[in-house]
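The values are calculated or read from the model by the stated rules, or taken from the named source; none is laboratory data. Here the structure is a predicted model, which means the values were calculated and not measured. Here Cβ is always computed from backbone atoms with ideal geometry, including for glycine, and neighbour counts include all displayed protein chains. All accessible areas refer to the heavy atoms of the entire protein, side chains included, with ligands and DNA or RNA removed. Shrake-Rupley method; radii C 1.70, N 1.55, O 1.52, S 1.80 Å.
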Amino acid sequence: MAEIDKEAFAAAVVHDMRAPLNACLMSLSLIELKASQPAEVLKSVEVLRRNLERQALLIDDLADALQIVGGGVELELEAADLVEIAKRAIESAGPVTGVEIRWAANPPPCPIGADAERLARAIGALLEMVAADLPQGGHIALAVADADGRVRLAISGAGAERAERGQTRRRRPVMRLTVATEIVARHGGRLELDDGSAAVELPRAQ
C-alpha cells in the first residue's frame with residue numbers, strides 16, 4: 001500500500017466534514033428568512049445553528065490538531081491587536097456559548113505579533129470553557145492588562161453564583177483547549193485555566 005500523504009489526507013478529511021455542515025447552515029438560513037415560522041420552530045432553528053456553529057469550530061481545531069500531531073502547523077504572524085482578536089473571537093464563539101460576553105472596561109490597544117485567525121479560535125475555546133462553568137443568568141467579563149512587556153487577557157464568569165464543581169451545564173471543550181494551549185505556546189505565550197476563569201498572556205509587540 002502506498003504511503004499516505006498525511007497532510008493531504010488531513011486536509012481532505014476536514015474538507016469533507018465541512019461540506020455537509022455548510023449545507024446545513026445554509027438551509028437554516030433559508031428557514032430563518034421565512035418570517036411566518038412559528039416561534040417553536042425558530043427556537044429549534046436557533047439551537048441547531050448554535051450546535052452546528054460549534055461543530056464548525058471543532059472542525060477548524062481538528063485541522064490544527066492534525067497539523068500539530070504531524071509537526072506541520074505553521075503560524076502566520078503579523079502585527080495585530082489582542083483586543084481586536086478577542087472581539088473576533090466573541091463574534092464567532094459568542095453565539096456558541098449561549099451567554100452574554102462583555103468588557104469589564106473600555107480596553108486599550110494591546111499590540112502583539114499573532115496568527116489572528118488561530119489565536120481568535122484559541123480565545124474562543126476559553127470563552128466556551130468559562131461559559132461551561134456558568135449557570136443560567138451569568139455572563140462573561142473580559143479585561144486586558146499590559147505590564148513588563150507582556151499583555152494579558154483575563155476571562156471570567158460573573159453575574160451569578162458559580163455552578164457547583166462537577167455541576168456544569170456541559171463538558172469542557174477538551175480538544176479545543178488542548179489545541180489552544182499549543183497555539184498560544186507557539187506565540188510565546190501561556191494559558192491559565194481555572195474553575196470559572198481563564199487568561200492568556202502574550203509578549204507585547206515592540
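Near Glu76: Cβ cut-off under 10 Å, other residues only, Lys/Arg at +1 and Asp/Glu at -1. The net charge is -3.
Determine the dipole magnitude for the stretch 1-153: charges of +1 sit on the beta-carbon of Lys and Arg, -1 on that of Asp and Glu, nothing else is charged, the reference point is the Cα centre, and the result goes in debye to the nearest 20.
My answer is approximately 620 debye.
For the chain, a Gaussian network of Cα nodes joined below 10 Å ranks Arg190, Arg18, Arg176 by mean-square fluctuation, and the top entry is Arg18. The charge dipole of the stretch 73-163, taken about the Cα centre with unit charges on the Cβ atoms of Lys, Arg (+1) and Asp, Glu (-1), comes to about 280 debye, rounded to the nearest 20. Computed over the stretch 75-160, the P(r) tail beyond 22 angstrom holds 23 percent of alpha carbon pairs.
Ile59 contributes an accessible area of around 10 Å² to the protein surface, as traced by a 1.4 Å probe with all chains present.
When the chain is treated as a GNM with alpha-carbon contacts under 10 Å, the residue of Ser27, Ser36, Ser156 showing the greatest mean-square fluctuation is Ser36.
Rolling a 1.4 Å probe over the heavy atoms of the protein chains gives the chain an accessible area of 56 Å² per residue. Within the accessible surface of the chain, defined with a 1.4 Å probe on protein heavy atoms only, the carbon and sulfur portion equals 54 percent. Projecting the Cα atoms of Ala39, Ser27, Ser156 onto the charge dipole of the chain (Cβ charges, centred on the Cα centre) puts Ala39 farthest toward the positive pole. Remark on Trp103: its backbone amide H falls under 5 Å from those of Leu142, a criterion applied only to residues 5 or more positions apart or on other chains, H modelled at 1.01 Å from N.
Looking at the calculated P(r) for the chain, what percent of the C-alpha pair distances fall above 28 Å?
When all Cα pairs of the chain are counted, 34 percent exceed 28 Å.
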